[in-house]
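S.K.: Take this structure first; my questions come after.
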Amino acid sequence: QVQLVESGGGLVQSGGSLMLSCVSSGSIDSFRHMGWYRQAPGKQRELVAGISNGGMTIYADFVKARFTISRDNAKNTMYLQMNGLKPEDTAVYSCNAVVPDTGTSWGQGTQVTVSS
């Protein structure tokens, strides 16, 4: 099973920016889908953005035009550039990957806190 490690979270003021990174222990070339999910206390986990191994992207309505997802296969890394952060974006952000013939892998998550 692959291991995913997130980084880049932290405390930022409303309107600020952060860039999250997700590094895989192995090649991500064959990962059909990778994505960022978030979960706030007392709420269900939700999709933030996703990207296929062909570079196609999807975004949740509440982050589109503010966040940008990307992947660098040479570095086995997926990124989430987060701009115009709002207090309601406060959550634990987790990296997900769909691995062929294996299943779904998750990272431990990184905390993003946006103050007003």
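The values are calculated or read from the model by the stated rules, or taken from the named source; none is laboratory data. On a predicted model such as this, the values are computed, not experimentally measured, just so you know. Glycine gets a Cβ as well: all are built from the backbone with ideal geometry, and neighbour counts include every protein chain shown. The accessibility values were calculated without ligands, DNA or RNA, using every heavy atom of the protein model including side chains. Shrake-Rupley method; radii C 1.70, N 1.55, O 1.52, S 1.80 Å.
S.K.: Quickly work out the Ser7-to-Ser115 label distance, labels modelled 7 Å from Cα along the C-beta direction, and quote it in nm with one decimal.
M.R.: 2.5
S.K.: If I stretch the segment between Glu88 and Ala74 completely, what's the gain in nm (0.36 nm per residue apart, minus their alpha carbon distance), one decimal?
M.R.: Extra length available between Glu88 and Ala74 comes to 1.7 nm.
S.K.: In what sequence, largest accessible area first, do Val23, Val2, Val48 appear using a 1.4 Å probe?
M.R.: Result, largest first: Val23, Val2, Val48.
S.K.: Where is the GNM fluctuation largest for the chain (alpha-carbon springs, 10 angstrom cutoff): Met78, Met34, Met56?
M.R.: Comparing Met78, Met34, Met56 in the GNM, the peak value goes to Met56.
S.K.: Also, I was wondering about something else. Multiply the residue gap between Ser17 and Thr102 by 0.36 nm, knock off their C-alpha separation, and tell me the result in nm, one decimal place.
M.R.: 27.2 nm
S.K.: Hey, another quick one. When the label point is put 7 Å from the Cα of Phe62 along its Cα-to-beta-carbon vector, which residues of the range 86-116 have a backbone N closer than 20 Å?
M.R.: The answer is 86-96, 109-116, whose backbone nitrogens lie closer than 20 Å to the label point.
S.K.: On to the next question. Taking DSSP loops as anything outside H, G, I, E and B, show the longest stretch in the chain free of trypsin sites (Lys or Arg not before Pro) there with at most 15 other beta carbons within 10 Å.
M.R.: Between the exposed loop sites, the longest stretch runs 67-116.
S.K.: Let me ask something else about it. Summing +1 for each Lys or Arg and -1 for each Asp or Glu, what net charge is found among the other residues whose Cβ lies under 9 Å from the Cβ of Val114?
M.R.: -1
S.K.: Another one. So how long is each side of the chain along the principal axes, counting just the alpha-carbon atoms, biggest first, in Å?
M.R.: 43, 26, 22
S.K.: If you roll a 1.4 Å probe over the heavy atoms of the protein chains, what accessible area per residue do you get for the chain, in Å²?
M.R.: Accessible area per residue, the chain: 53 Å².
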